[in-house]
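The values are calculated or read from the model by the stated rules, or taken from the named source; none is laboratory data. Everything numeric in this text was worked out from a predicted model, so none of it was measured. As a convention, Cβ positions derive from the backbone with ideal geometry for all residues, glycine included, and neighbour counts pool all protein chains shown.
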């Protein structure tokens, strides 16, 4: 009887998953308040691009956008963090900035990464309560496969706090 109830509940969950609104799906991409606060505080002192550059972050590729899905912005990577295969909320591997019309950069998100070649578990890493996504590209740029998790702290993302692209971000003012 217990097994039948469990199977019925699982079936209802699966059946209702397709009926979720876009807003409800985006809510599934949120962090817990504790994880969100830790992540935001870790990157807050990189709000000014000059501070990120002083801390070893450097530009990666060009400003990354993807049509109607929006943009990621300009990536700035800290190679030491990105290559250490450690997922540490206090050491974001990548910071993403949106170029502004006046030439300044506005911090919009951060990204945690671990390269697939350095990940020893067969399952994808889970970080901040989310399974990280395996990627082979950054925008149009082919890269060594890596697992990633975006966190949009400084620009509301209608697609979800951990979605890849943000329709509220643009590369229109990229150099």
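Quick notes
- Set 85, 117: member being loosely packed, with under 15 Cβ neighbours inside 10 Å, part of a helix (DSSP H, G or I) and touching a residue at least 24 places away in the same chain (Cβ under 8 Å): 117
- Residue match in the range 159-167 (condition: on the phi > 0 side of the Ramachandran plot and surrounded by fewer than 15 Cβ atoms within 10 Å (Cβ to Cβ)): no
- Note on the range 141-171: residues that are out of contact with any strand residue (DSSP E or B) (no Cβ under 7 Å at 6 or more places or on another chain) and without any contact (Cβ under 8 Å) to a residue 24 or more places away in the chain amount to 1.
- Considering the range 27-37, the residues that are surrounded by 15 or more Cβ atoms within 10 Å (Cβ to Cβ) and out of contact with any helix residue (DSSP H, G or I) (no Cβ under 9 Å at 6 or more places or on another chain) include one that is modelled with the lowest pLDDT, namely 29.
- Of the residues 106, 75, the single one that is more than 19 Å from residue 143 (Cα to Cα) and part of a strand (DSSP E or B) is 106.
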